[in-house]
Amino acid sequence: MSARESGSALRTRAQREQLKRELRADQRVADVLAGESLEFLTTWGLFSPRRIDDGTRLLLDYAEVAPTDHCLDLGCGYGPIGLAFARKAHQGHSTLVDKDFVAVEYSRRNAELNRLGNVDCLLSNGFAQIAERRFDVIASNLPAKVGRELLTLYLLDAWEQLNPDGRLYVVTITGLRRFIEKGFKDVFGNYEKLKQGRDYTVAMARRARD
């Protein structure tokens, strides 16, 4: 029986050390995302370490990725969106960024685990470290507490770095759908609600051709 399961007080050094080893051990998640079988290593402190969260799954069900697309996963966590895109865009490329170095490290490990070579995993606060790159698809599972200023900055940067006719996909809690709609229309001039569920909504904006 593990130290977590025993329910006993952690009175001895051995018990405490055993619990630390258990908690530091990688979690392993295997799933089928947008028709692609993938495996992930995760750890405590990353978003949804036990399973692929419902918002990510919904976004991947509705995002369209062509084989030659260049994709960006903004706020990648341990990589489910960006690595599913990499598998879809097998003749293209997928860039995964996060401001958390642990997330970036696990994304790199998961790219190797799934034998995906068309991937970069980079430490970046939003678009700061990838300003020179251009994309056909940008996607993000936006946090529930995203503020107006940060959302506007993300949208302005996304517009700048999308190729003409490129798509931005976001999933948010459904309570933010009007907030997202206004932001998309203000920056992109368009908004398409792809799926609204009880808990999450997936939306898309497209950069118009010049």
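The values are calculated or read from the model by the stated rules, or taken from the named source; none is laboratory data. Computed from a predicted structure; not experimentally measured. Methodologically, a virtual Cβ is constructed for each residue, glycine included, from the backbone with ideal geometry; neighbour enumeration extends over all protein chains shown.
When ASN110 is tested against the conditions (1) touching a helix residue (DSSP H, G or I) at 6+ places or on another chain (Cβ under 7 Å); (2) within 18 Å of GLY45 (Cα to Cα); (3) at pLDDT below 95, the lone failure is (3). Tell me, please, whether a residue that is under 21 Å from LEU58 (Cα atoms), over 12 Å from the mean Cα position of the chain (by Cα) and either crowded, with 18+ Cβ neighbours inside 10 Å or among the aliphatic types (A, V, I, L, M) (or both) can be found in the range 121-134. Looking for residues that are under 21 Å from LEU58 (Cα atoms), over 12 Å from the mean Cα position of the chain (by Cα) and either crowded, with 18+ Cβ neighbours inside 10 Å or among the aliphatic types (A, V, I, L, M) (or both), one finds none in the range 121-134, hence no.
Only residues that are exposed (fewer than 14 other Cβ atoms within 10 Å of the Cβ) and over 16 Å from the mean Cα position of the chain (by Cα) were counted across the range 31-71, and they come to 6. Residues of the range 106-125 that are more than 21 Å from VAL65 (Cβ to Cβ) and of a type in the set (Lys, Arg): ARG109 alone.
Which of the residues belonging to the range 175-191 are surrounded by 15 or more Cβ atoms within 10 Å (Cβ to Cβ) and of a type outside the set (Phe, Trp, Tyr)? Of everything in the range 175-191, those that are surrounded by 15 or more Cβ atoms within 10 Å (Cβ to Cβ) and of a type outside the set (Phe, Trp, Tyr) turn out to be LEU176, ARG177, ILE180, GLU181, GLY183, VAL187.
Looking only at residues in the range 126-180 that are in a strand (DSSP E or B) and of a type in the set (Ser, Thr, Tyr), which one is nearest to ASP69 (Cα to Cα)? Of everything passing the filter in the range 126-180, TYR169 is nearest to ASP69 (Cα to Cα). Among the residues of this structure, TYR78 does not count as one that is surrounded by 12 or more Cβ atoms within 10 Å (Cβ to Cβ), of a type outside the set (D, E, K, R), in contact with a Gly (Cβ under 8 Å, 6 or more places away or on another chain) and at pLDDT 90 or above. Just so you know, in the range 84-103 the residues that are under 20 Å from TRP44 (Cα atoms) and either among the hydrophobic types (A, V, I, L, M, F, W, C) or out of contact with any Ser or Thr (no Cβ under 8 Å at 6 or more places or on another chain) (or both) include one that is surrounded by the fewest Cβ atoms within 10 Å (Cβ to Cβ), and it is PHE101. Residues of the range 3-24 that are modelled with pLDDT under 75 and surrounded by 10 or more Cβ atoms within 10 Å (Cβ to Cβ): ALA3, ARG4, SER6, SER8, LEU10. Taking the stated definitions as given, is ASP165 surrounded by fewer than 17 Cβ atoms within 10 Å (Cβ to Cβ) and touching a residue at least 40 places away in the same chain (Cβ under 8 Å)? Considered against the rule, which asks whether it is surrounded by fewer than 17 Cβ atoms within 10 Å (Cβ to Cβ) and touching a residue at least 40 places away in the same chain (Cβ under 8 Å), ASP165 comes out as yes. The condition of being farther than 23 Å from PRO80 by Cα, aliphatic (A, V, I, L, M) and surrounded by fewer than 21 Cβ atoms within 10 Å (Cβ to Cβ) holds for only one of LEU153, LEU194, that being LEU153. Looking across the range 188-210 at every residue that is of a type in the set (Lys, Arg) and in a strand (DSSP E or B), the one that is nearest to LEU168 (Cα to Cα) is identified as ARG206.
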